[in-house]
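Step one of this worksheet: look at the structure below.
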Amino acid sequence: MKILVVGNGGREHALLWKLRRDAPGARFYATRPNPGMEALASAVDLAPDDVEGLATWAQGEGITLTVVGPEVPLARGMGDLFRKRGLPLFGPSAAAVRIESSKAYAKQVMERAGVPTAAHRTFTRWPEAEVYLKEKGAPIVVKASGLAAGKGAVVCSTEAEALNAAREMLAEASFGDAGREIVIEEFMTGEEVSVFGITDGRHVSLLLPSQDHKRVGEGDTGPNTGGMGAYAPVPSLDALFLEEIRQQVFLPVLETMEASAAPFRGLLYAGLMRTPDGPKVVEFNARFGDPETQVVLPLMDEPLLELLVAVARGGSLQGAGDPASTGRVALNTVLASGGYPGEYARGHEVHIPDELGVDDPDLLLFHAGTRRDDAGAVVTSGGRVLSVVGLGDDLGQARERSHAAARAIDFEGKAFRADIGWRAFQTSAS
Ligand code: AMP
Ligand code: GLY
């Protein structure tokens, strides 16, 4: 088997790590792999979003499975082109990716499918948005409808903040095309969880629920980021909850998408909030989440590969069930560049103690925003630099392992949240 992983962040490093365990004899390739991925895959010097270039390369190389990490190549039609050329690819069509790339479309699907979500309205003109915001007041949430790398949602505690956000998006184009259409929605409260479903378009295998931490600061303060850390499983969620989410969220959405000629085959990520009125969908993504993948995959006690191959080849997941878990717990602390999600410096050398993680089955380091400089040293190259994953029999152990390594790794400007998992610790203490 020849497997290509598209993307080069922490999520793709974790995917590669898991798929190699599933298929030690396979040959692996990755697009411009980060230094952590280098030893696991041969480098393909094409950008992850070079859809045409990668299709031609994969055809020439005889790639038998392509797994796409990020949403952008999918939104640009990578799934459609590969399938047209008979190349098995795990990832939805461009039409189905709209569940992530257009929040307005996602809301339409949810409305048709009867899936619980925040009350909302869509706007393309500033004066109308202004009137609506003044009528509704705060707290309220203003979102760019298009792709904005996890930064397009502004949770506003005052009306002035909301007016400002909407004006910037619609009248000043601060999010470019992504913000030409906005969704204004009701502010919801409650614990957030991420549920990943691997789906053939009709049936879904759900992975362990996890919890991301989107705000940059401890205590969930400051601006939203792509995600500063995660843990899995979420102790307060049981099998009954997952079944409820399968029946009330995944299956109706899949049915609605199939009926509207945009069947979703790939990884459907439901971002949920457990509100006082029951779970509601905050957003869908059309791909694995980052940094959740880095904790969900190490807890899978069954191969991921078979599920991905079945879906990529157009097969069925009927009767596949949900993959078993190891029964352990994982916690990921993201080491970020100081200043992220705003401006930050790049090119700082990353010092990872030699002995760290070596022969330690309870510590995994997944690289994200790192690269090699001309001298071969690992340096920072992005906002989220490394995922430091601790595994344990309980969350306390997992956190301790993650923290010890997060402290031991060093680079100028290193920033991280030391409170990942705080909700679970609070629940277990009460
Ligand atoms: P999104 O880009 O839609 O995933 O939103 C990013 C983050 O903003 C979510 O993970 C939530 O923390 C927060 N958020 C989004 N929508 C709402 C909402 N309606 N009420 C409260 N918080 C929200
Ligand atoms: N962790 C959030 C995301 O992947 O979109």
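The values are calculated or read from the model by the stated rules, or taken from the named source; none is laboratory data. All figures in this text were calculated on a predicted structure; none of them were measured in a lab. Reconstructed Cβ throughout: ideal geometry from the backbone, glycine too, with neighbour counts over all protein chains shown. The area values use the complete protein model at the heavy-atom level, side chains included, leaving out ligands, DNA and RNA. Shrake-Rupley method; radii C 1.70, N 1.55, O 1.52, S 1.80 Å.
Worth a mention:
- Among the residues listed as Ser93, Ser102, the single one being within 14 Å of ligand 1 (Cβ to nearest atom), among the hydroxyl-bearing types (Ser, Thr, Tyr) and in contact (Cβ under 8 Å) with a residue 12 or more places away in the chain: Ser102
- Conditions (1) open to solvent by 50 Å² or more (accessible area, probe 1.4 Å); (2) touching a residue at least 60 places away in the same chain (Cβ under 8 Å); (3) under 22 Å from Glu192 (Cα atoms); number of the one not met by Glu111: (2)
- Those strands (runs of 3 or more DSSP E) lying entirely in the stretch 207-323 with at least 2 residues among the small types (Gly, Ala, Ser): 229-232, 266-275
- Residue identified as within 16 Å of ligand 1 (Cβ to nearest atom), at pLDDT 90 or above, on the phi < 0 side of the Ramachandran plot and within 21 Å of the chain's Cα centre (by Cα) among Glu161, Glu192, Glu185: Glu192
- Pairing residues of the stretch 348-372 that are more than 15 Å from Met37 (Cα to Cα) with residues that are of a type in the set (Phe, Trp, Tyr), at Cβ distances under 6 Å and at least 6 apart in sequence or on separate chains, gives His348/Phe411; Val350/Phe411.
- When Val334, Val296 are checked against the criterion of being in contact with a strand residue (DSSP E or B) (Cβ under 8 Å, 6 or more places away or on another chain), closer than 24 Å to Thr66 by Cβ and of a type in the set (A, V, I, L, M), a single residue qualifies: Val296.
- Condition broken by Glu243, with the remaining ones in (1) within 27 Å of Arg328 (Cα to Cα); (2) within 16 Å of ligand 1 (Cβ to nearest atom); (3) of a type in the set (D, E, K, R); (4) surrounded by fewer than 22 Cβ atoms within 10 Å (Cβ to Cβ) satisfied: (2)
Quick grid of which residues meet (1) over 30 Å from Pro88 (Cβ atoms); (2) in contact with a helix residue (DSSP H, G or I) (Cβ under 9 Å, 6 or more places away or on another chain); (3) free of Cβ contacts under 8 Å to residues at least 60 places away in the same chain:
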position	(1), (2), (3)
Thr117	yes, yes, no
Glu135	yes, no, yes
Ala153	yes, yes, no
Gly201	no, yes, no
Ser205	no, yes, no
Gly227	no, no, no
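- Screening Gly271, Gly229 for residues that are surrounded by fewer than 24 Cβ atoms within 10 Å (Cβ to Cβ), within 16 Å of ligand 2 (Cβ to nearest atom) and under 13 Å from Gln211 (Cβ atoms) leaves exactly one candidate, Gly271.
- Residue count for the stretch 1-34, restricted to those that are assigned to a strand (DSSP E or B) and either touching a His at 6+ places or on another chain (Cβ under 6 Å) or among the small types (Gly, Ala, Ser) (or both): 1
- Screening Glu159 with (1) of a type in the set (D, E, K, R); (2) in contact with a helix residue (DSSP H, G or I) (Cβ under 8 Å, 6 or more places away or on another chain); (3) within 14 Å of ligand 2 (Cβ to nearest atom) gives one miss only, at (3).
- Count - residues of the stretch 88-104 that are more than 18 Å from the chain's Cα centre (by Cα) and either on the phi > 0 side of the Ramachandran plot or surrounded by 22 or more Cβ atoms within 10 Å (Cβ to Cβ) (or both): 1
- Filter pass, Ala232 being modelled with pLDDT under 95 and either away from ligand 1 (no atom under 15 Å from the Cβ) or over 21 Å from the mean Cα position of the chain (by Cα) (or both): no
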